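Input: a single structure, listed below in structure tokens.
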Amino acid sequence: MRTRGHLALALLLLIPALACKAKEGTPAIAAAAGATDAGQAAIADPGSIVGIAVGSKDHTTLVAALKAANLVDALATPGPLTVFAPNNGAFDKLPAGTVETLLKPESLVQLRTVLRHHVMLSTYQLADLTDGLQLSMLDGGPTKVTRQGNDIFVDGAKVLGAAPASNGMVIIVDAVLVPKP
């Protein structure tokens with residue numbers, strides 16, 4: 001149970017970074033990534049997944065998680081990627097202390113697993129997310145899409161919106177996606 005909570009926390013940290021819109025361009029992306037050298041994020045398009053996440057005030061926890069997991073550069077690649085980005089409220093739903101624990105250096109493997117469970121190596125539009133669709137996430141784990149009327153859910157997390165990015169799609173969700181053991 002603790003592993004699931006930690007994974008969910010890590011995922012929540014990843015999503016906000018992806019769902020934000022960059023406001024200050026690539027220097028802000030590099031600074032947010034904590035870059036000390038010129039990695040991929042330092043040259044990222046402000047309209048990329050990373051740029052969107054960094055510019056979003058609703059995804060600060062996700063950005064912090066991405067930085068802690070050293071995954072900012074990975075999301076600055078050309079793609080195509082789809083990122084299910086939990087907002088700050090999604091991380092707030094996790095058990096107390098989960099996010100803090102995942103951000104510790106000794107939790108790096110768990111954090112990366114959770115964050116990778118929010119990413120797919122292809123681009124999906126909201127219309128592509130049909131009821132019963134099984135998705136394979138970057139961590140190798142499955143997720144399932146369900147639809148109830150006009151609402152879309154990914155493993156129980158409600159889709160709140162989507163933002164096209166230059167390297168894929170950011171789909172904002174209200175919960176952290178927890179990898180299945």
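Brief remarks follow.
- Residue in the range 129-181 that is surrounded by the fewest Cβ atoms within 10 Å (Cβ to Cβ), counting only those that are among the hydroxyl-bearing types (S, T, Y) and closer than 23 Å to D58 by Cβ: S166
- For N70, the conditions (1) in contact (Cβ under 8 Å) with a residue 60 or more places away in the chain; (2) over 16 Å from V173 (Cα atoms); (3) outside any helix (DSSP H, G or I) all hold with the exception of (1).
- Residues (part of a strand (DSSP E or B) and of a type in the set (S, T, Y)) located in the range 127-141: S136
- Those residues of the range 142-171 which are in a loop (DSSP other than H, G, I, E, B) and either on the phi > 0 side of the Ramachandran plot or in contact with a His (Cβ under 6 Å, 6 or more places away or on another chain) (or both), in sequence order: G149, D155, G156
- Some residue of the range 108-126 being more than 21 Å from L71 (Cα to Cα), part of a loop (DSSP other than H, G, I, E, B), over 13 Å from the mean Cα position of the chain (by Cα) and β-branched (V, I, T): no
Bear in mind these aren't lab numbers, they're just calculated from the coordinates by the rules spelled out. This is a predicted model, so every value here is computed, not measured. Counting neighbours? That spans all protein chains shown, and the Cβs are built from the backbone with ideal geometry, glycine included.
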